[in-house]
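What follows is a set of notes on a single structure, which appears directly below.
The values are calculated or read from the model by the stated rules, or taken from the named source; none is laboratory data. Fair warning: this is a prediction, and the values are worked out from it, not measured in the lab. Just the protein is used for accessible areas: all its heavy atoms, side chains included, with ligands, DNA and RNA removed. Shrake-Rupley method; radii C 1.70, N 1.55, O 1.52, S 1.80 Å.
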Amino acid sequence: MAEVEELLDDVTVRMPSAAEVRARGDRRRVRLRAGTGAVAVAMVAGMSWALLPGGGGPQEVRPAGPPAATSVAEPNPYKTGNEFNGLADSDVPLFTKWHWRLSDEPGKEAVRLPRLGFDDACPQTPDTSQDRLDQVSYTALYEGDGKSIARHRYVDYANAAQAADGLRQLTDALAACGLEPRGKGADMYYAGDSAGGPWLRVDVDHGRAWISVIEVQAAKE
């Protein structure tokens, strides 16, 4: 240590004042904060570029929009596309009793709704929808044992309002014919002795813009 003291004998050492020490410390902290901020910005920028597709330059990234609505077709057991699915003989109600056979002349029985039954079994309900596009789209006639007869009619309507009106007229016609609801839920149907005498059963199915009607007529049970 003697050598160091001898070297310092002829050297004037000036110590900084306390204010200057504090000023230097403040400048140092400012530089450190500035450097840290620059590094953080660089890291974020690097991450942003890395996430951009292709990394070829600045690109505008938009948030994903709402998913496009998917149209789901209404289930219809009677049609596949534009093709009608006719009932098999065994699918007609009471097949085990009357052993239905599809007739080859269904066209003569293409009767408009809301008329029900064959011949004069039911009153001729006034048709108030002649100006509407509710023509019967499909008719099938089935012959059974004895004098039993069955018919399946299907109607496509132009819209839901017309279908609802057609269903209301059909319900009124069922009541006017003297038929009462039987069963519950999906198994419900209308049956009874018709106003004209023969026993009649009517199964009604419908969707948003279509109605299906299956009639079974026979001598009184």
### Query
In Å², what does the accessible area per residue of region 153-221 work out to with a 1.4 Å probe?
45
### Message
Students sometimes get this wrong: rank His206, His152 by accessible area, probe 1.4 Å, all chains present, largest first.
### Response
His206, His152
